[in-house]
Amino acid sequence: MTLPAGFLGTRADVLLDLVIVSLVVVVPVLAFSWHQVRRGRYALHRRLQLTLLAVLAVAVGAFELNMRMLGGIFAATRASRYAGTATLDSWIWLHTALAIATTLVWVVLAWVSVRRFPRPPAPNAFGARHRAWGRLGMILMALTGLTSLPVYVYGFAL
Ligand code: HEM
């Protein structure tokens, strides 16, 4: 599928648009996965969480590479009317802090969960700790996805 460059905004390239879309799509996928695990669909939950991790690793990895090539987020958003303002800068820092925290929680939680749960997955002694970190991870991921929107709008679309 080819998407027109900057189909959400004006100056952003396709890669940026795709990352924003994937981050926003993550939120409903998380809600669905959470709903499914609460109904006892553990295998579907496992597959969704691991697929999400793999897809985001590729999408965010490509995005990070692109950002580095553009000279970093502050250089990439130089053309925005909001460049250098507290509004854009605080969204960038908040989003970055959330993204780092989310990555740490997710990678460690996925790694430990695959090792600690049986296959096919089912609740066990690790369940309570997994639930607590899983809830935190999902909330962090959702906030990371949602805060990508103001960064995109203030940084690239306005
Ligand atoms: C890494 C991303 C993951 C996140 C953010 C996550 C999140 C969650 C959450 C929030 C719950 C609790 C739902 C509730 O009762 O409110 C849960 C339960 C569960 N998850 Fe995950 N999960 C992840 C990965 C996995 C993986 C990879 C597996 C399997 C290997 C797995 C297996 C389970 C199981 C078996 C439960 C039920 C635990 C119990 O009720 O004792 N999860 N998960």
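The values are calculated or read from the model by the stated rules, or taken from the named source; none is laboratory data. Note that the structure is a prediction, hence the values are computed from the model and not measured. Note: ideal-geometry Cβ built from the backbone for every residue, glycine included; neighbour counts use all protein chains shown. Surface accessibility is based on the protein's heavy atoms, side chains included, excluding ligands, DNA and RNA. Shrake-Rupley method; radii C 1.70, N 1.55, O 1.52, S 1.80 Å.
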For this session: Six or more apart or on different chains, Cβ under 8 Å: which pairs go from a residue in the range 125-144 that's farther than 12 Å from Trp106 by Cβ to one that's open to solvent by 80 Å² or more (accessible area, probe 1.4 Å)? Could you list them?
Result: Phe126/Arg116; His130/Arg116
Seminar exercise, completed: Exactly one of Val105, Val60, Val114 is in contact (Cβ under 8 Å) with a residue 24 or more places away in the chain, touching a helix residue (DSSP H, G or I) at 6+ places or on another chain (Cβ under 7 Å) and either among the small types (Gly, Ala, Ser) or within 13 Å of the ligand (Cβ to nearest atom) (or both), and that residue is Val105
Exercise. Which residue pairs have Cβ atoms under 7 Å apart, sit 6 or more places apart or on different chains, and have a first residue in the range 19-48 that is of a type in the set (D, E, K, R) and a second that is within 12 Å of the ligand (Cβ to nearest atom)?
Worked result: Arg46/Pro121
Exercise. Listed residues Trp34, Trp106, Trp133; which is closer than 15 Å to Leu23 by Cβ, surrounded by 12 or more Cβ atoms within 10 Å (Cβ to Cβ) and among the aromatic types (Phe, Trp, Tyr)?
Worked result: Trp106
Exercise. Only one of (1) more than 11 Å from Trp91 (Cα to Cα); (2) of a type in the set (Gly, Ala, Ser); (3) modelled with pLDDT of 90 or more fails for Gly155. Which number is that?
Worked result: (1)
Problem set entry | Which numbered condition Arg119 fails, given (1) farther than 22 Å from Val21 by Cα; (2) surrounded by 14 or more Cβ atoms within 10 Å (Cβ to Cβ); (3) touching a Lys or Arg at 6+ places or on another chain (Cβ under 9 Å) | (2)
Exercise. In this structure, is Gly84 more than 21 Å from Asp17 (Cα to Cα), more than 16 Å from the ligand (Cβ to nearest atom) and open to solvent by 30 Å² or more (accessible area, probe 1.4 Å)?
Worked result: yes
